[in-house]
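Working notes, structure below.
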Amino acid sequence: MMRLIGNELRKLFRTRKLYVFAAVMVVVLVLNLSGYKPGDPMVVWTFRHGQSVPLGTLDILAQFMIIFIPVYLGDSLANEYRRGTLKLPLLRPVRRSELLGAKLASLFVFIAIMTLFYIAAAYAVGTYYLGWGDGTEVAGRLIPSAEGIRLTLASAVLLAIPYMIYGLFVTAVAVLTGSMSVTIIGALVVTTLVRHLSLGWLESMAPYTLNDQMLSYHEAFIVDPDWNRALRQTGILALYAAVFALFAFRAFRKKDILH
Amino acid sequence: MGGSQATPLLETRHLTKSFRGRKVIDDLNIRVMKGDVYGFLGRNGQGKTTAIRMMTGLVFPDAGDVLIKGISLRMDFKRAISHVGAIVETPAFHDYLTGYENLALMANLAPGVSKNRIREVLDIVGLGSRARDKVKTYSLGMKQRLGIANALLHEPELIILDEPTNGLDPQGMKEMKELILQLASEKNITFFISSHLLHEMQDLCNRIGIIQNGRLLIETEIREWSGAAGDFSLEKLYFEATRL
């Protein structure tokens, strides 16, 4: 299993995706922050200091993940299936569940790298445009910098959980369709549809959607602690994880490899 | 060459598969003995590749089983497949990696394959000097040879090749044929080769099976059909069998 994970990580670092995604994140941060004026009533952000930028813009990271994860898994699963390279490890003494497990482990590493890079880039770009400041702004309060950095990292770790479960959903789509374009477009269409529905006539369902968890799962733990809410959200995520994992592993175990 | 009493190295028992209600493999029973170079013959679309996919666990049969050295692929996939090296359809590799790097990834998945072994198999197939080039710069013939190197890595007893000369020029075909014969005689590797090119297979195989519409029409040793003058024609046998 470790060797399979090693193989997936080697491929991850040898393709350009990782570096292109990192560059896109920096460009988007620069474009957003270069014209940002604290206190502007037209902007939802309220932070005034550079050190508050990573925590204050975690919604941007979620938007990136909604796009990057389908692209990564579309290539790693569906595109490998179409190109015929997925069968290479399957012609070795490797169980299908082990291969899928290795691909999910590499997805976790991908999410961790992207998240850490985003936070580092947000600190750097934020400080460049707004200065470091004398504290981190959290829910209208100013807390010491060290505490702010700790909260930022803890938020990122917590948000990695819904990102990973979104990855399980995309994995199921990639395995079932075997097509990179359908995986990417399908995942984005479903995500957009769920978001629109939860903003409209299904508003009461919003807290139960994966979209909502990807944006705000950390808040119940950190920004505005509410342990009942945290427990409910964790239960929702566990349910999503179980359903998507079951679909993905069952579909992959039974799939005829035809390319 | 193989005898008929020993346990077959590869055996399919009543293998059956349908896609969307159409039966593509119908009660296929094949026996490949140790030391055989077995030609699996049939026109395009007769079920050769599907049969090979089932023999390697890529496609699941609706009924029947595949046994490798008597081990059921369905019951003990890992142990059964460890005796097999295979190229299924066009050999596909990660084209952004070099030939060596691709084999290193695969070597990771088979216990006991050293870096020396990777270099050794690359030399055997004549790719030693191009090992550090990216696969995207390889010709189809080179990719086929890299596929053979990949299949050889873990020193399997059986190598399954699906149309190994497809798309190759005459020189490439000749080299591939020589390589198979060399490996069969020097390394005592058993080959199962699918093809629709009868002339190519006549000089290569000692045993053949002919498939049509997913059914095995005939399975025989070539020597049983050779006259004293050695005037055997695989083409003649093929057309007689497929007319039945």
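The values are calculated or read from the model by the stated rules, or taken from the named source; none is laboratory data. Computed from a prediction, not measured in an experiment: that's the story for all the values here. Cβ coordinates were reconstructed from backbone atoms using ideal geometry, including for glycine residues, and neighbour counts include every protein chain displayed.
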Next item on the list: Spot the failing condition for A:T136; the list is (1) away from chain B (no Cβ under 14 Å); (2) within 30 Å of A:F247 (Cα to Cα); (3) buried (at least 22 other Cβ atoms within 10 Å of the Cβ), and only one is missed.
Entry: (2)
Item checked: Any hit, segment B:74-83, residues being away from chain A (no Cβ under 13 Å) and touching a residue at least 40 places away in the same chain (Cβ under 8 Å) -> no
Check: From A:V27, A:V20, A:V71, which residue is in contact with a helix residue (DSSP H, G or I) (Cβ under 8 Å, 6 or more places away or on another chain), away from chain B (no Cβ under 11 Å) and not in a loop (DSSP other than H, G, I, E, B)?
Finding: A:V71
Next item on the list: Could you figure out which of (1) away from every other protein chain (no Cβ under 14 Å); (2) out of contact with any strand residue (DSSP E or B) (no Cβ under 7 Å at 6 or more places or on another chain); (3) more than 23 Å from B:G85 (Cα to Cα) isn't true of A:S76?
Entry: (1)
Margin query: Can you tell me which residue is nearest to A:A120 (Cα to Cα) among those in segment A:76-87 that are out of contact with any helix residue (DSSP H, G or I) (no Cβ under 6 Å at 6 or more places or on another chain) and assigned to a helix (DSSP H, G or I)?
Written below: A:E80
Next item on the list: Sort out which residues of segment A:88-100 are in a helix (DSSP H, G or I) and under 23 Å from B:G112 (Cα atoms), and write them in order of number.
Entry: A:L88, A:P89, A:L90, A:R96, A:S97, A:E98, A:L99
Margin query: modelled with pLDDT under 95 and either on the phi < 0 side of the Ramachandran plot or surrounded by fewer than 18 Cβ atoms within 10 Å (Cβ to Cβ) (or both): which single residue out of B:G47, B:G35, B:G3 fits that description?
Written below: B:G3
Next item on the list: Could you list, in sequence order, all residues of segment A:218-259 that are in contact with a helix residue (DSSP H, G or I) (Cβ under 7 Å, 6 or more places away or on another chain), modelled with pLDDT of 90 or more and under 30 Å from B:M54 (Cβ atoms)?
Entry: A:F244, A:A245, A:F247, A:A248, A:F249, A:A251, A:F252, A:R253, A:K255, A:I257
Next item on the list: Using the structure shown, decide if B:S139 is in contact with a His (Cβ under 9 Å, 6 or more places away or on another chain) and surrounded by fewer than 22 Cβ atoms within 10 Å (Cβ to Cβ).
Entry: no
Checklist line | Subset tally (residues that are in contact (Cβ under 8 Å) with a residue 24 or more places away in the chain and not in a loop (DSSP other than H, G, I, E, B)) for segment B:143-170 | finding: 15
